């Protein structure tokens, strides 16, 4: 695809996102996920899990920016735009500018609040709850202990008989990654 074709495609994608067509997110996800993850892993030395989280967050920001008419120029491709967002998120996270929250771990709370109305939040909670049930028992317990009961890492490590605090954080990241993918797949389908 030529640069001109990529710019036209980007303009078309933004137009579809403005109209609320969620199917386009699925197309973007399938088309650009692997290159995004590869590029962030290469350029910023992040692991695959972190790059996947950044990709999902970048997609949400792309959608938000399209809906709010923040994309004024189409000189880049969708892929370049997403990688730019992901790189900025990573750099800001490294500098401590991005707050962390429950499942997202990378999106600023204000962005989430702007993105979702109360009804959408309630719907998202239902989707999250239904997808938590799809996780294995250890992940379900871990997520419950962290986000529902507010237990500390040391307490959860002991309760779930995890070898170390480091192993707890790895397990938590894996569980959240699986949950995010399940929730994102549900959001794309609806």
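The values are calculated or read from the model by the stated rules, or taken from the named source; none is laboratory data. Just so it is clear, the model here is predicted, and its values are computed rather than measured. Using ideal geometry, Cβ is built from the backbone for each residue, glycine included, and neighbour counts are taken over all protein chains shown.
What to note about this one:
- Scanning the range 71-87 for residues that are modelled with pLDDT of 80 or more and closer than 18 Å to residue 16 by Cα, we see that the one that is surrounded by the fewest Cβ atoms within 10 Å (Cβ to Cβ) is 79.
- Taking the numbered list (1) touching a helix residue (DSSP H, G or I) at 6+ places or on another chain (Cβ under 9 Å); (2) part of a loop (DSSP other than H, G, I, E, B) in turn, residue 161 passes all entries but (1).
Rundown of residues vs (1) in the same structural domain as residue 10 (by TED's automatic domain parsing); (2) surrounded by fewer than 18 Cβ atoms within 10 Å (Cβ to Cβ); (3) over 20 Å from the mean Cα position of the chain (by Cα); (4) at pLDDT below 90, yes/no style:
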{"site": "89", "(1), (2), (3), (4)": "yes, no, no, yes"}
{"site": "92", "(1), (2), (3), (4)": "yes, yes, no, yes"}
{"site": "140", "(1), (2), (3), (4)": "no, yes, no, no"}
{"site": "143", "(1), (2), (3), (4)": "no, no, no, yes"}
{"site": "158", "(1), (2), (3), (4)": "no, yes, yes, no"}
{"site": "163", "(1), (2), (3), (4)": "no, yes, yes, no"}
{"site": "166", "(1), (2), (3), (4)": "no, yes, yes, yes"}
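- Filter result for residue 58 (part of a helix (DSSP H, G or I), surrounded by 15 or more Cβ atoms within 10 Å (Cβ to Cβ) and outside the structural domain of residue 176 (by TED's automatic domain parsing)): yes
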